[in-house]
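Below is one structure, written out as structure tokens, with a few remarks after it.
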Amino acid sequence: MLTPIIVFLIAMVYATPSVIAYFLLIYIILKYKKSFDSSFFQLFIYDGILNLFTYFVGFYMMRLSSITCYDCILYPIYRNADKYFPMNFLTAMSYHMAYVQYSTTAVICLNRLSVLVKYNFWEPIWKSYGIWVIVIMFLVPFLDTSRCFFYKTTIVYVEDSEMYALSSPMMRGKIRQILGWPSGAQVSLVTVRSLTS
């Protein structure tokens, strides 16, 4: 059986190069934006920033907490964190970003499909209105996930697993039931894209 520290180290072996690659790709696209002047790269940067944000939220909530014992060197960032930072923000963002990432994948598929079918018509539309699509994709999920902000989230030490965990009285089942719609839309778009390629 793998210990939490081994699992953490394995995750870091593949996560560190991925995070560095994302930062480098975003930097290169922004630095040479005249060469990367298409709606796809707008969406790619947005997707990259969201993926990095989601990774760091997950890293704090799950990875790092799995190797933090009750009184080891990292304990202050968990034991006292809810006094200085609203933990319900992290809980809300973990659910919210799932919606946003599903939607982003679906919209990138739609972007690629529409531009492949009729480039001269769709690319100018995507370049002009892509930012609004991005804003809508980020804001619309708040219609559902905003309720997560109203549940008090605390950090507790779990004796059985010897780690810190975020605890919230929120009903997770309701979020997971509603969360299914973006996945269905994503599968539909990927299927249409595959059939028309």
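The values are calculated or read from the model by the stated rules, or taken from the named source; none is laboratory data. Since this is a predicted model, take the numbers as computed values, not measurements. Positions of Cβ are generated from backbone atoms using ideal geometry, with glycine treated the same way; all protein chains shown enter the neighbour counts.
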The range 56-97 - residue that is polar (S, T, N, Q) and in a loop (DSSP other than H, G, I, E, B) and, of those, surrounded by the fewest Cβ atoms within 10 Å (Cβ to Cβ): Asn80
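Given Thr68, Thr91, which one is closer than 30 Å to Ile108 by Cα, touching a residue at least 24 places away in the same chain (Cβ under 8 Å) and hydroxyl-bearing (Ser, Thr, Tyr)?
Selected residue: Thr91, the only one of Thr68, Thr91 that is closer than 30 Å to Ile108 by Cα, touching a residue at least 24 places away in the same chain (Cβ under 8 Å) and hydroxyl-bearing (Ser, Thr, Tyr).
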Every residue from the range 5-54 that is of a type in the set (Gly, Ala, Ser) and either part of a helix (DSSP H, G or I) or over 20 Å from Ala106 (Cα atoms) (or both): Ala11, Ala15, Ser18, Ala21, Ser35, Ser39, Gly48
Flag if Leu116 is of a type in the set (A, V, I, L, M, F, W, C), surrounded by fewer than 19 Cβ atoms within 10 Å (Cβ to Cβ), modelled with pLDDT of 85 or more and over 30 Å from Ser65 (Cβ atoms): yes
Of residues in the range 39-55 being in contact with a Phe, Trp or Tyr (Cβ under 6 Å, 6 or more places away or on another chain) and crowded, with 16+ Cβ neighbours inside 10 Å, the one farthest from Leu166 (Cα to Cα): Ser39
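Please go through the range 119-139 and pick out each residue that is small (Gly, Ala, Ser) and surrounded by 13 or more Cβ atoms within 10 Å (Cβ to Cβ).
Gly130
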Tally of residues being touching a Ser or Thr at 6+ places or on another chain (Cβ under 6 Å) and under 13 Å from Phe53 (Cβ atoms) across the range 93-115: 2
Whichever residue in the range 15-38 is under 17 Å from the mean Cα position of the chain (by Cα) and exposed (fewer than 11 other Cβ atoms within 10 Å of the Cβ) and, among such residues, is farthest from Gly58 (Cα to Cα): Ile20
